[in-house]
Amino acid sequence: MKTLVTTAILTFASALPLAHAGQGHDSDKHGHSSGMGMHKGMMDQDAMHQRMQKMRQTMQQIHKTQDPKERRRLMKEHMQQMQAAMGDMQGMMGDGAKHEKMHKKMQEMDPEKRQQMMQKHMQMMEEMMQQMQQHMQAQESMKQDK
């Protein structure tokens, strides 16, 4: 669990510079805004939203069940869901070359679209952190029930 939290924090921290990348730029050097054209290289926002919704549903089941075996199974499933989501978020960041290309595209992006995209990204990160906190609380609750 500590590894997952550390990975999440590092992923989120590495994304923060992107949130501020090129905020002073209104358009590219030719005066064109690039819109949301960089979506291909990034994770699918809808798929991530669905993944987050599934995690929330699993957490609700964890809280509802009274069966310790079922709770352990659901906790394991929730952990796998979080790890898969973290893998998606890390994949979005890409390696050095992909990261640079994404950074450049963000600088060329229309400022309003860039801000909307970054707000969605930050919201997803906050939701992941909430899921991790709830998971840790559920683990503590399971320990106290023993």
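A few notes on this one:
- On inspection, residue 106 fails the criterion of being of a type outside the set (D, E, K, R), out of contact with any Cys (no Cβ under 6 Å at 6 or more places or on another chain) and either outside any helix (DSSP H, G or I) or within 30 Å of residue 137 (Cα to Cα) (or both).
- Of the candidates 81, 116, 90, the single residue that is assigned to a helix (DSSP H, G or I) and out of contact with any Ser or Thr (no Cβ under 7 Å at 6 or more places or on another chain) is 116.
- Any hit, segment 96-105, residues being buried (at least 17 other Cβ atoms within 10 Å of the Cβ) and modelled with pLDDT of 80 or more: yes
- Condition met for residue 133 (without any contact (Cβ under 8 Å) to a residue 40 or more places away in the chain and either closer than 15 Å to residue 63 by Cβ or not in a helix (DSSP H, G or I) (or both)): yes
- Inspection of segment 34-44 identifies at least one residue that is modelled with pLDDT of 50 or more, loosely packed, with under 14 Cβ neighbours inside 10 Å, out of contact with any His (no Cβ under 7 Å at 6 or more places or on another chain) and not β-branched (Val, Ile, Thr).
The values are calculated or read from the model by the stated rules, or taken from the named source; none is laboratory data. None of the values given here were measured: they were computed from a predicted structure. Quick reminder, even Gly has a Cβ in these numbers, built from the backbone with ideal geometry, and neighbours come from all protein chains shown.
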